[in-house]
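Here the structure is laid out as structure tokens; the discussion comes afterwards.
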Amino acid sequence: MIIYGEHNDAPGTIQFENANEGRSYPFADDAVLQASDGTALGEWVVSDMHLVIPKGSEAFVSSVHISTGMVAICVKVTASGRLVSALSCMVEAGKFEPFVPYRLEKLHGSEDVGGIVTFGIIDFTADAGTYRFDDGKAVLCESAVSKYVPARLRKIIDDRNDKSVAGDVRIEFSGYVGASREGRSVRLDLLPGAATALMSKCDRETPVNPCGATPVASINGVRADDKDRIVIWFH
């Protein structure tokens, strides 16, 4: 966008982030910026944002807090109603610069989710307040989000003979291993008693107390020296 000043014929250029202060971007056109308490977040507060999230998920702003000392924003990433990740950014008022990208730090979830946020010109007094949005209200537009296909196991290869299997593979575990599915992931846990049952023959046959008596390891928290000596002085 090119503008001309009232007393200056030289054209000027409005920055991309500055232009966003007057439009819904980076939020979707139908996003609702009205907080749960009825207050409305000004469109100039968040002027730009970009996220990298898994394919099949969506991102939305869950809260924005503005006070005389800081501005903070929290973003949620969900898939089928399940929380995938949460990101946040907090900037002190004294160090705040409008139209400068700030990194969104991970609060919860995948290490492969990240992003940046750019704030507009914020009046830390007039815009002060805590704006909490219901899930799915302050949704980001598609152009502000890059989606990737999460990495996963695609093939199992036996390095002894180079044979491989792919697709739906049936895997059977011993009776000491519990297997469960979490989405597209498989979780393996040792069942109670498995640690003892899976001990080697040598470990199982080792006496619990090979010395025949309970050894003294320390006295009132004082341990032996490098020659295994504990000296007691009687007064």
*May I ask you to verify whether SER185 is surrounded by 10 or more Cβ atoms within 10 Å (Cβ to Cβ) and either touching a His at 6+ places or on another chain (Cβ under 8 Å) or small (Gly, Ala, Ser) (or both)?*
yes
_Complete set of residues in region 103-149 that are of a type in the set (Val, Ile, Thr) and either outside the structural domain of LEU33 (by TED's automatic domain parsing) or more than 12 Å from ILE73 (Cα to Cα) (or both)_ = VAL113, ILE121, ILE122, THR125, VAL139, VAL145, VAL149
_Please count how many residues of region 85-108 are out of contact with any His (no Cβ under 9 Å at 6 or more places or on another chain) and either among the aliphatic types (A, V, I, L, M) or in a strand (DSSP E or B) (or both)._
13
_Options SER164, SER146; residue that is within 21 Å of ARG82 (Cβ to Cβ) and of a type in the set (Ser, Thr, Tyr)_ = SER146
*Return a yes/no flag: does region 165-178 have any residue that is closer than 30 Å to ALA40 by Cα and part of a loop (DSSP other than H, G, I, E, B).*
no
*Report whether or not GLU111 is more than 27 Å from SER24 (Cβ to Cβ) and modelled with pLDDT under 90.*
yes
_One residue from GLY136, GLY81, GLY167 being more than 15 Å from the chain's Cα centre (by Cα), without any contact (Cβ under 8 Å) to a residue 24 or more places away in the chain and closer than 21 Å to ALA31 by Cβ_ = GLY81
*asked:* Anything in region 19-66 that is hydroxyl-bearing (Ser, Thr, Tyr) and touching a helix residue (DSSP H, G or I) at 6+ places or on another chain (Cβ under 8 Å)? List them, or say none.
replied: TYR25, SER47
*asked:* Just to be sure I understand the filter: pairs with C-beta atoms under 6 Å, separated by 6 or more residues or on different chains, first member in region 97-111 and in contact (Cβ under 8 Å) with a residue 40 or more places away in the chain, second member of a type in the set (Asp, Glu). Which pairs pass?
replied: PHE99/GLU17
*asked:* Condition check: among the β-branched types (Val, Ile, Thr) and modelled with pLDDT of 90 or more. Does VAL84 satisfy that?
replied: no
*If you go through region 83-118 one residue at a time, how many are among the basic types (Lys, Arg), within 18 Å of LEU140 (Cβ to Cβ) and loosely packed, with under 14 Cβ neighbours inside 10 Å?*
1
*asked:* With the requirement that a residue be surrounded by fewer than 21 Cβ atoms within 10 Å (Cβ to Cβ) and part of a strand (DSSP E or B), what does region 50-60 give you?
replied: HIS50, VAL52, PRO54, GLU58, PHE60
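For (1) at pLDDT below 90; (2) assigned to a strand (DSSP E or B); (3) touching a Ser or Thr at 6+ places or on another chain (Cβ under 7 Å); (4) not assigned by TED's automatic domain parsing to the domain that holds GLU92, each residue gets a yes or a no:
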| residue | (1), (2), (3), (4) |
| --- | --- |
| SER24 | yes, no, no, no |
| ALA31 | yes, no, yes, no |
| GLY38 | no, no, no, no |
| ASP48 | no, yes, yes, no |
| SER62 | no, yes, no, no |
| ALA72 | no, yes, yes, no |
| THR78 | no, yes, yes, no |
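The values are calculated or read from the model by the stated rules, or taken from the named source; none is laboratory data. This is a predicted model, so every value here is computed, not measured. We place every Cβ from the backbone using ideal geometry, glycine too, and count neighbours over all the protein chains shown.
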